[in-house]
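Colleague: I have a structure here, written as C-alpha cells, and I will follow up with some questions on it.
The values are calculated or read from the model by the stated rules, or taken from the named source; none is laboratory data. Computed from a prediction, not measured in an experiment: that's the story for all the values here. When we count neighbours, we look across all protein chains shown, and the Cβ atoms used for this are built from the backbone with ideal geometry, even at glycine. Only protein heavy atoms, including side chains, enter the accessible area calculation; ligands, DNA and RNA are left aside. Shrake-Rupley method; radii C 1.70, N 1.55, O 1.52, S 1.80 Å.
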2 protein chains.
Amino acid sequence: MKILFQAISILILMIWPASRAAAQERRHNLMPTPAEVHFQSGKLAVGATFSVAVKGHNDRRLEAGIDRAMRRLEGRIGMELRRGPATDAPSPTLGPTLGPTLGPTLVIECREAGESVPSLDQDESYSLEVSDGRAALKAPTVIGALRGLETLLQLVESDRDGYYIPSVKVEDKPRFRWRGLLFDSSRHFQPMEVIKRNLDGMAAVKLNVFHWHLTDDQGFRIESKKYPKLTGMGSDGLFYTQDQAREIIAYAAERGIRVVPEFDLPGHATSWVVGYPELASAPGPYQVERQPGVFDPTLDPTREEVYQFLDAFFGEMAALFPDEYMHIGGDENEGKQWDRNPQIQAFMKERGIKNNHSLQAYFTMRLARILEKHKKKTMGWEEIMANDLPRDVVIHSWRGPESLAEAVKKGFSGVLSAGYYIDLSYPASNHYRIEPVAADKNLSRQEEARILGGEATMWSEYVSPETIDSRIWPRTAAIAERFWSPRSVDDVDDMYRRLAVTSVRLEELGLTHEKYFRSLLRRMAGGKEIGPLETLVSVVEPVKQYNRGQQRPTTMLSPLTGFVDAARPDSEAARHFAALVAGFLADAPRFQTNREEIERTLAKWRDARPAIEAITGRSAILREAEPLAAELSDLAQAGLGALACLAESKAPDGQWGEVKMAILQQAAKPKPSAVEFAILPSVRQLVIAAIELPQLRGQPPLEWQKRVKTLAEVARPQ
Amino acid sequence: MKILFQAISILILMIWPASRAAAQERRHNLMPTPAEVHFQSGKLAVGATFSVAVKGHNDRRLEAGIDRAMRRLEGRIGMELRRGPATDAPSPTLGPTLGPTLGPTLVIECREAGESVPSLDQDESYSLEVSDGRAALKAPTVIGALRGLETLLQLVESDRDGYYIPSVKVEDKPRFRWRGLLFDSSRHFQPMEVIKRNLDGMAAVKLNVFHWHLTDDQGFRIESKKYPKLTGMGSDGLFYTQDQAREIIAYAAERGIRVVPEFDLPGHATSWVVGYPELASAPGPYQVERQPGVFDPTLDPTREEVYQFLDAFFGEMAALFPDEYMHIGGDENEGKQWDRNPQIQAFMKERGIKNNHSLQAYFTMRLARILEKHKKKTMGWEEIMANDLPRDVVIHSWRGPESLAEAVKKGFSGVLSAGYYIDLSYPASNHYRIEPVAADKNLSRQEEARILGGEATMWSEYVSPETIDSRIWPRTAAIAERFWSPRSVDDVDDMYRRLAVTSVRLEELGLTHEKYFRSLLRRMAGGKEIGPLETLVSVVEPVKQYNRGQQRPTTMLSPLTGFVDAARPDSEAARHFAALVAGFLADAPRFQTNREEIERTLAKWRDARPAIEAITGRSAILREAEPLAAELSDLAQAGLGALACLAESKAPDGQWGEVKMAILQQAAKPKPSAVEFAILPSVRQLVIAAIELPQLRGQPPLEWQKRVKTLAEVARPQ
C-alpha cells in the first residue's frame, strides 16, 4: 500500500510543469539557497591570514563548530590558518592605525547560546555580510551561527590566484522548522562512524532532524537495560549501547540536529517479540525476520501487561533521548494476528471496538498517554490518526501532500515524507519538485503553519555501510533545499548544477557516495582495470520502487556487493545525454546541434561490449551484468541509426522501426541484475523521432518542433 | 642520523642483484606465499551451498573469525551462504547415503584455543587441503586456523561459471615470529576506525604485532588516570581513552595480533613535559611540538621523582596493555638539555658516568627494572643497547641487518625496522629485498634465532586519516611476505603481480588506499572532471626520504590535502613504463618491441598539458602542481624524440642530446609540490640510449645489448 501510494504520488509529480528558471543575480554554488542573497562587486581573499573572532556570546559548542569549519577551509585551500584567542580586538602588536583589515577576517556575533538540546523552536536564522576586507556573521543563537558558517564555506570559490568569497549580503532562515532524514538502522545495522559522517552531511545542507528508525521486524537496535532480551535475542548482536546513543545525540546536538527515535509499534514488531513473545498477539516462538516486507507479528493491545512493559520501556527511552518527540511508528499493521486471536476479538466486542483501525486507535491513545506521562509528545505514521487523538500528536505522512493537508485541517501538525523516499531510486528532480504544502487545499495560514516540514527516508532493506552514502547523497541535498529555501527556488537545471558541486564538497566530510562504487567494481572485476565497467555502470540505475526485491531477491543477510549496488540512482551520464538529445531534436528539421557529441557518446557505448565482456567473462559475480553489454550496444546502434536518419533527412528503411522498437522493449524488461537503462527514454525519443518525423517533410520548422515536444511524453517509460 | 642511515641502507639494497624467478608450480595469488604449497588438478566449487563446520575445539573467537571470513566470501561471490550449527555431521535430512559431499564443504579442526592474549610464542601454523569435494583446515590453535582462513580466502578464484578453489595442499607456518607494523598515533592522531581497518589488513597478510607508538613530541595519545595532564595538556584533546585502548587490544587479539605499546623516552618527550615540566632536564614551560624533527625536551634521569612518576605510570600501563613487551623508545636523544644542566653534570661526575650514552644506559637500566617489577619485558630502539643491560631486552634496529646481527651476537634478541620505513615513499621492491638476517655475519643458529622478525614503520608526520592507508598499503603486504615466507620467495615481478591482486582484495576490509586519491583530486579540482589530473598523479610519487619537509614545509596542524597527498609511492604507471622501455631497449638494435605502446603512452603524457592546466588554472590549491604539466610534456617529447631516433636508427641532430639532458635535469630538481617524476629514470634511459647507442652502428646485436644493460645503471637518479 505504502509502496503503491509512493508510486502514484511520484508519477503524478513527474508531470509537474517544467520549472521556470528562477531569476538569479549571479550563479552561486549554495545549497540550500538562502532566503535572501545579494551579491555585490568585490571579494574577500581567503588565505593563510584568514582568522575568526567571536563577539558577544561564546561557548564550547560555537568554538568547536568554528574549529570544524576552519579545518574544512584549511583542507580546501591547502593552508594552515592562524588560530588565536576568540576576540575581535585588533591585534595589539600591529596597532589600531594599520586599519581594520588587520583585525580578524571573520567576526561572528552571537546573541545567546540557544538551546543545548535543539528543539522544534530553535532559532536557526543568521545574516552574513562579506565585503572586500571583512566578513560579519550575526545570529541570535549558536546554531544560527553554525548554519551561517556552512553558507560561508559554500561561498568560497577559487581561481588560479587564490581562494576568495565574493562580496555578498545574506539574510537567511529556514522555510520549514522540521527538516529531517529518516535513517533506518533496523534492516541493515549501520556503524557509528556511518551515522556520524551522515550527521556531518546533514549539517552541511542544514537539515535538523535525525529520525532514527531503531526497531523493526528485522532488528532491535537500541539497548534496553530493563529488557535486555530485546537486543539480546532481537539484534544478532548488532545494536547501539545507550552510551553510543548518547554519543550520537551529543554529536547531533553539537550540529543543531535533533534526534527523534522511532520505536515502531504495534506492527513491525517481530524483533520485540523474539525475546518477549508474551507481548505478541499470537503465541511464539518468533525469529528475527530476514526478508523485506510487511509481517504479522503485532503487539497485543488488549493486555495490561503489554502497557506495563511499554511504560517501563518508554520511561527508559525517555530518559535516554532528550528530544521532546518520540515516534511510535504505527504503520502497516495489517491486523492478521488480531483477526485470529479470540481473546482480542472478545475484547473488541466487549468494548464496542468495531475494527482493527479502531483497535489500533485505542492502542495509540494508551501509548500516547504513556509518552505524555514521560513528558514526550507523540509522532506516528498517518495510520495513527484518529479523531480522539490529542492535537499535539505529529502526523507523519507517507501518502502525500493532500493527505497531509487533511491532517492539518483536522488540527494535527504534520511532516511529509511521501515523495522523499530516497530508497526508491528516483532522481533528485522528482523529490525536488515535491512541495509539502498542497497547492489546491486552500489551507489557512494557521493550517499551513502546522505543516512542520518533511523528511527524506532512508529505508535500509538494500543498503550496507558501504553503499548507504550513495543512496542518501547527493540527492538529499536537493530535498534539504526544498525544506529550507523559499518555494520560489525551483529551477531544476540550476539545482543539478549546484548539486554536482555540493556532492564533491560533501566528500570532505568522509562521505563515500562518490568513491565507493569503483572499489566495488574493482573487487567484482578482481583487478584495477574497470574502465569498461565504469562506462556500463554510468548508464544504468537501480530499478525504481521496490522492484529490486522482485527481480533480484535478497534477504537482510545477503551481501550487497553486486552490480546493482555499484549502480547509483540519478545517472549523470543519462541526464547529460538527455540534454544533448533534447537540444538535437529541438534543432528540427536541421538536426545538427549536439550531433557530434551524441554520435561520439553512442559509438563509445556501442563499442564497449567486448571490453565489458572480457571482464564479466572472468568474474562470476558479474555474470548477471553480462547481458547488459549487448543490450547497451544494441541501444547505441539504434540511437546511431536514428541519428543518421534524422541528420540526413531520410526515412528509415523497411522494418527498421519495428526492429528497433523491439530492441527498446527488450532493453526495458526487468532484469536479474535489477538495474535499468537510464538512457532508454532518450534513445527511445531518437528512434521514435526517426520513425515519425520524416512524415513532416515539407512542413515548416515550427510544425516539426511542435511534434518534437510531444515526443518527450511518448518516449517516457511505461 | 636515523634518516641518513635509512637512506644508506636503502641505497645499498637498491643494487641487490636482480632477483631470480622462483620456480613455482602454478601462479597463485597468495600473499604471503605459504611455506609449502602444492597445487593439484581439480577444484572445489564455492557457491551458495558452501558451508563450514568445526571439529574438535571450538570457541567464540574461532566462530567470530569464521563469520568474518564467510561475510567476506559472501561479498566476493555475491551470494548468501548457509549458516548452521558448528558441527561436521552430515545434514540429517539428507541422510548419509547421499555421500560425503553433502556434508560441510570446509571442515576446520583445531586442537586447542591457544593463547587468548597472543604472545611471541603463539603457534600460527596450519595445514590446508582442498580437493574436488571438500576442504580441510587443520591447526593446533585457533589463531593458526584464522591464518589458514586468510589463505583459503586468497585461494578463491573465479571464471565465468563460478567461484572455486583449486585443489591444493598447503603446509604453512611463519619464518619469523615478530611481524609488525609500527603505527604512529602521535604525530597525527588516527581515529579508532582507521586503526581497526588496518588491523584487519594486517590480519589479511598475517602480520601479528601492532606496535602502537603512543607518545612523542607532537602528542601524548593514551589516557593516564594517574597523570591526567599527560593528555590534558599534551594531546589537543586527541587521545585514546583506556576503554578505547582495551577495545583495540581486544580487536587485535581476536585476530591473533599483539599490541605492543611504545612510550618514547627519555627523548621525544615534549608531550610528557607540557603537563609535567618537573620531569624535564630543563625548566619549562613547554608546548606541544608542531614541527617534525628531533627536539630537546628530555626527561631528567638523575632525579628519583622521575622514576617514581615512571613507576606509577608504567604500573598503570602494564595493567592496561596485556602484552609481555613494552617499548620504551630510547631513540634520538641528543642530550642537549643534559649538557646544559649543572645538576645533571654534577650527578654524572659524582657517579663516574662518562657521557650521555652512559647516562642514558643508566636511565634505561632503571626503567627496565621498573618494567620488570610490573612483569614486562623491555624493548627499545638500538640506542638503548649497553653491556650491562639484561639479555631479555629486545633491540629494535633502525640501522640495518648488520647492526641487528651485532646485537644478537651480544646475546640480545632483535627486530629489524631498517629498510622497512614505509613513510619514506620507496617502492615495495626496495623493502621486499631487505633481509632481516645479514648474510655475511656468520651468525650461529642460536644467534639467528634471536632475530625475531621485523616491523614496517608508519611514522605519521605526513599522513592524515584520509591518506594513511595509501602509505601503508599495498606495500606493507610485500613486507609481510618477507617476514612470513621462506627466504627463497624473492621474485620481485611475481611479488608485484600478486600485490596488485592483494591490493584490491584489501579494499573489502574498508581500507581506502585505492580510492581516497580521486576524492582528493575532485575536491582540489572542485568538480568531477579529474581525468587529466589522474594522468598527472599517476606518473609522480611523493619525494623520498624526509625531503617533503624541506620542499614543502608543513606542521602537524597543516592540512594534508595537497597534490603530493594524492600522489602515491610506487607508481604503477612508472613501473609499467619502465618494463616497456626495458623490453624496447633489449630489442636493440631493432628497437621495435613495445614501440607502439611506448609511443602511445608518451603521446598521452605530452598532450595532457592543456587539460591539466585548464584545471589547475581554476584552483589555487593545485597551482603548485601546475608546472608539472609542462615538465611532463617536455619529458614525453624527449622520450618520443629518443624513440624515433632509436627506431629509425639515426643519431639525434646537433644539440638535441644536450637540450634533452638539460630538460631531464630540470625535471629532476626538487619542487615546491614535493613530488618527483617516477618515470624519469625510464625517459633518461631512452634519451641516453638515443645519444650513445648510434655509436655502435655496424657492431653485432650482442654489443648493443651489452651496452643497453649498462644504461639502466647510468640512468638511475643521482
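Colleague: What FRET efficiency comes out for B:M192 versus B:Q345 if R0 is 41 angstrom and r is the Cβ-Cβ distance? Round to the nearest 0.05.
Modeller: Working from the Cβ atoms, E equals 0.35.
Colleague: For segment A:107-243, report the translational diffusion coefficient in µm²/s to the nearest whole number, using Stokes-Einstein at 10 °C, 1.306 mPa s, and a Kirkwood Rh over Cα pairs.
Modeller: 90
Colleague: Any idea of B:D587's accessible area? Nearest 10 Å², probe 1.4 Å.
Modeller: Here the accessible area works out near 30 Å².
Colleague: Now for a separate question. Between segment B:171-209 and segment A:677-710, how many Å separate their Cα centres?
Modeller: Value for the Cα centre distance between the two parts: 62 Å.
Colleague: Accessible area, 1.4 Å probe, largest first: how do B:Y286, B:Y307 sort?
Modeller: The ordering from most to least exposed comes out as B:Y286, B:Y307.
Colleague: With +1 on the Cβ of every Lys and Arg and -1 on the Cβ of every Asp and Glu, and nothing else charged, how large is the dipole of chain A about its Cα centre, in debye rounded to the nearest 20?
Modeller: 620
Colleague: Let me ask another. Which value, in Å³ per residue, describes the convex hull spanned by the Cα atoms of segment B:213-301?
Modeller: 100
Colleague: Rounded to the nearest 20 debye, what is the charge dipole size of the protein assembly as shown about its Cα centre when +1 sits on each Lys and Arg Cβ and -1 on each Asp and Glu Cβ?
Modeller: Around 1100 debye, computed over the protein assembly as shown.
Colleague: A further question follows. Roughly how many whole Å is it from the C-alpha centroid of segment A:620-644 to that of segment B:602-664?
Modeller: The distance from the Cα centre of segment A:620-644 to that of segment B:602-664 comes to 39 Å.
Colleague: Ok, one more. FRET efficiency for B:E703 and B:V659, Cβ-Cβ distance as r, R0 = 22 Å, nearest 0.05? Please list the in-between numbers first.
Modeller: Details: r = 28 Å, r/R0 = 1.25.
Approximately 0.20, to the nearest 0.05.
Colleague: Which sequence of A:K226, B:K229 reflects their accessible areas, 1.4 Å probe, from the largest down?
Modeller: A:K226, B:K229
Colleague: If you count, for every residue in A:156-164, the Cβ atoms of partner chains within 10 Å of its Cβ, what is the mean?
Modeller: Values: counts 1, 4, 9, 5, 9, 3, 3, 3, 1.
If you average over the peptide's residues, the count of other-chain Cβ atoms is 4.
Colleague: Roughly how many Å² of A:M661 are accessible to a 1.4 Å probe, to the nearest 10?
Modeller: 60
Colleague: To the nearest Å, what is the center-to-center distance of segment A:46-67 and segment B:265-337, using C-alpha atoms only?
Modeller: 34
Colleague: Averaged across B:36-45, how many Cβ atoms of other chains sit within 10 Å of each residue's Cβ atom?
Modeller: Mean partner shielding for this stretch: 0.
Colleague: Among bridges DSSP assigns within the protein assembly as shown, what percent are antiparallel (round to 5)?
Modeller: Close to 35 percent.
Colleague: Turning to a different aspect of this structure: Sorted from shortest, what are the nm distances separating the label point of A:K349 from equivalent points in the other copies, each placed 7 Å from Cα along Cα to C-beta?
Modeller: Copy-to-copy label distances for A:K349: 10.8 nm.
Colleague: Further question: Any chance you could look up the accessible area of A:E372 with a 1.4 Å probe, heavy atoms only, rounded to 10 Å²?
Modeller: For A:E372, solvent-accessible area is about 120 Å².
Colleague: Count, for each residue of B:74-83, the Cβ atoms from other chains sitting within 10 Å of its Cβ, then give me the mean as a whole number.
Modeller: What the average comes to for B:74-83 is 6.
Colleague: Given the Cα-Cα distance of A:R366 and A:R497 and 0.36 nm per residue of separation, how much length would full extension add, in nm?
Modeller: 42.2 nm
Colleague: Just to be sure I understand the curve: with the Debye formula and one point per C-alpha of the protein assembly as shown, what is log10 I(q)/I(0) at q = 0.04, 0.06, 0.07, 0.08 Å⁻¹?
Modeller: Evaluating at q = 0.04, 0.06, 0.07, 0.08 Å⁻¹ gives log10 I(q)/I(0) of -0.27, -0.63, -0.88, -1.17.
Colleague: Got a sec to turn the phi values of segment B:106-119 into Karplus ³J(HN,Hα) couplings, 6.51 cos²θ - 1.76 cosθ + 1.60 with θ = phi - 60°, whole Hz, x for Gly and Pro?
Modeller: 10, 10, 10, 10, 9, 7, 7, 5, x, 6, 6, 9, x, 10
Colleague: Same structure again: For chain B, what is the calculated [θ] at 222 nm in deg cm²/dmol (nearest 500), taking -39500 (n - 2.57) for each run of four or more DSSP H residues and dividing by its residue count?
Modeller: After summing the helix terms and dividing by residue count, I get -13000 deg cm²/dmol.
Colleague: Just the number please: accessible area per residue for segment A:522-603, 1.4 Å probe, all protein chains included, in Å².
Modeller: On the way: 2840 Å² over 82 residues.
On a per-residue basis, 35 Å².
Colleague: Another one. For the full complex of protein chains and a 1.4 angstrom probe, list B:T535, A:T364 by accessible area with the highest value first.
Modeller: B:T535, A:T364
Colleague: Oh, and also: Note every residue of segment A:551-596 with a reduction of at least 40 square angstrom in accessible area, all protein chains present versus the isolated chain, computed with a 1.4 Å probe, or write none.
Modeller: A:L557, A:P559
Colleague: What whole-number value in Å² describes the accessible area per residue of segment A:285-352 for a 1.4 Å probe? Don't skip to the end; give the middle numbers.
Modeller: Working: 2930 Å² over 68 residues.
About 43 Å² of surface per residue is accessible.
Colleague: Compute and list, largest first, the equivalent-ellipsoid semi-axes of chain A from the alpha carbon gyration tensor, each √(5λ) rounded to a whole angstrom. Intermediate values should be presented prior to the final figure.
Modeller: Values: eigenvalues 354, 292, 119 Å².
Its equivalent ellipsoid spans semi-axes of 42, 38, 24 Å.
Colleague: What FRET efficiency comes out for the pair A:A712/A:E402, r = Cβ-Cβ distance, R0 = 25 Å, nearest 0.05?
Modeller: Plugging the Cβ-Cβ distance into 1/(1 + (r/R0)^6) gives 0.40.
Colleague: Given points 7 Å out from each Cα along the Cα-Cβ axis, report the B:A586 to B:S116 separation in nanometres with one decimal.
Modeller: 5.6
Colleague: Which peptide among A:196-202, B:592-598 comes first, and what is the full order, when sorted by highest mean count of other Cβ atoms within 10 Å?
Modeller: Going from most to least packed, we get A:196-202, B:592-598.
Colleague: Sticking with the crude label model, points 7 Å out along Cα→Cβ, report the distance from B:E435 to B:K226 in nm, one decimal please.
Modeller: 4.5
Colleague: Also, I was wondering about something else. Between the label point of B:P285 and that of the same position in each other copy, find the distances and list them shortest first in nm, with every label point placed 7 Å from Cα along the Cα-to-C-beta direction.
Modeller: For B:P285, the other copies' label points sit at 6.4 nm, shortest first.
Colleague: Enumerate the calculated ³J(HN,Hα) couplings along segment B:555-567 in order (Karplus 6.51 cos²θ - 1.76 cosθ + 1.60, θ = phi - 60°), each rounded to whole Hz, writing x wherever the residue is Gly or Pro.
Modeller: 9, 5, 9, 6, x, 10, 10, x, 4, 5, 6, 7, 6
Colleague: Leaving out ligands, DNA and RNA, what percent of the accessible area of segment A:399-484 is carbon and sulfur, probe 1.4 Å? Write out the running numbers ahead of the final one.
Modeller: Values: 880 of 2080 Å².
Taking all protein chains in place, segment A:399-484 shows 42 percent carbon and sulfur surface.
Colleague: Compute the label-point distances linking B:R134 to its equivalents in the other copies; points lie 7 Å from Cα along Cα→Cβ; give nm, one decimal, shortest first.
Modeller: 8.3
Colleague: Ballpark to the nearest 100 Å², how much total accessible area do B and A bury together, probe 1.4 Å?
Modeller: Working: alone 28690 and 28700 Å², together 53680 Å².
It comes to approximately 3700 Å² buried between B and A.
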